[in-house]
1. Taking the stretch 23-70 only, how many residues are among the acidic types (Asp, Glu) and open to solvent by less than 60 Å² (accessible area, probe 1.4 Å)?
2. Only residues in the stretch 28-57 that are within 19 Å of Gly10 (Cβ to Cβ) count as the first member; pair them with residues that are assigned to a loop (DSSP other than H, G, I, E, B) and of a type in the set (Ser, Thr, Tyr), Cβ under 7 angstrom, at least 6 apart or cross-chain, and list the lot.
3. Within the stretch 38-56, count every residue that is closer than 12 Å to Glu5 by Cβ and part of a loop (DSSP other than H, G, I, E, B).
4. Taking only the stretch 44-60 into account, find how many residues are of a type in the set (A, V, I, L, M), modelled with pLDDT of 90 or more and under 11 Å from the mean Cα position of the chain (by Cα).
5. When you go through (1) under 9 Å from the mean Cα position of the chain (by Cα); (2) crowded, with 16+ Cβ neighbours inside 10 Å one by one for Cys16, which number turns out not to apply?
6. Of all residues in the stretch 9-31, which are of a type in the set (Asp, Glu) and out of contact with any Asp or Glu (no Cβ under 6 Å at 6 or more places or on another chain)?
7. Checking Met11 against (1) assigned to a loop (DSSP other than H, G, I, E, B); (2) loosely packed, with under 12 Cβ neighbours inside 10 Å: exactly one of these is not met. Which one?
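The values are calculated or read from the model by the stated rules, or taken from the named source; none is laboratory data. Because the structure is predicted, anything quoted here is derived from the model rather than measured. Every residue, glycine among them, receives a Cβ derived from its backbone with ideal geometry; neighbour counts consider all protein chains shown. The area values use the complete protein model at the heavy-atom level, side chains included, leaving out ligands, DNA and RNA. Shrake-Rupley method; radii C 1.70, N 1.55, O 1.52, S 1.80 Å.
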Amino acid sequence: MTRIELDVYGMTCVGCSNTIIQYLENQGAENVAVSIHKNHVGFDWVDNKIPDDVLNGIEKLGYKVANEDE
């Protein structure tokens with residue numbers, strides 16, 4: 001497992017946080033942590049790089065993924 005750290009913009013409430021957590025867990029992420037105040041999403045992923053379709057899925061939910069730090 002690799003820890004993935006993302007800057008995600010557009011989160012404004014606990015509902016946003018829960019939406020992202022549920023989406024990522026459904027995609028296979030573990031230990032998802034979201035800070036709407038810091039625009040931060042972190043989670044454990046089986047590979048060292050998250051697939052583009054998962055990142056695109058976050059954006060389809062209405063949020064902007066600014067970067068991916070490995």
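1. Just the residues of the stretch 23-70 that are among the acidic types (Asp, Glu), to begin with: 25, 30, 44, 47, 52-53, 59, 68-70.
Subset that is open to solvent by less than 60 Å² (accessible area, probe 1.4 Å): 44, 68.
So the count comes out to 2.
2. Pairs that qualify, where the first residue is within 19 Å of Gly10 (Cβ to Cβ) and the partner is assigned to a loop (DSSP other than H, G, I, E, B) and of a type in the set (Ser, Thr, Tyr), are Ile36/Thr12.
3. Final tally of qualifying residues: 3.
4. Within the stretch 44-60, the first condition is being of a type in the set (A, V, I, L, M), and the residues that meet it are 46, 50, 54-55, 58.
Right, trim to modelled with pLDDT of 90 or more and you get 46, 54-55, 58.
Next cut, under 11 Å from the mean Cα position of the chain (by Cα) only: 54-55, 58.
Counting residues in the stretch 44-60 that are of a type in the set (A, V, I, L, M), modelled with pLDDT of 90 or more and under 11 Å from the mean Cα position of the chain (by Cα) gives 3.
5. Going through the list (1) under 9 Å from the mean Cα position of the chain (by Cα); (2) crowded, with 16+ Cβ neighbours inside 10 Å, Cys16 breaks only (1).
6. The first filter runs over the stretch 9-31 and keeps only residues of a type in the set (Asp, Glu), leaving 25, 30.
Selection gives Glu25 alone.
7. Only one criterion is unmet by Met11, namely (2).
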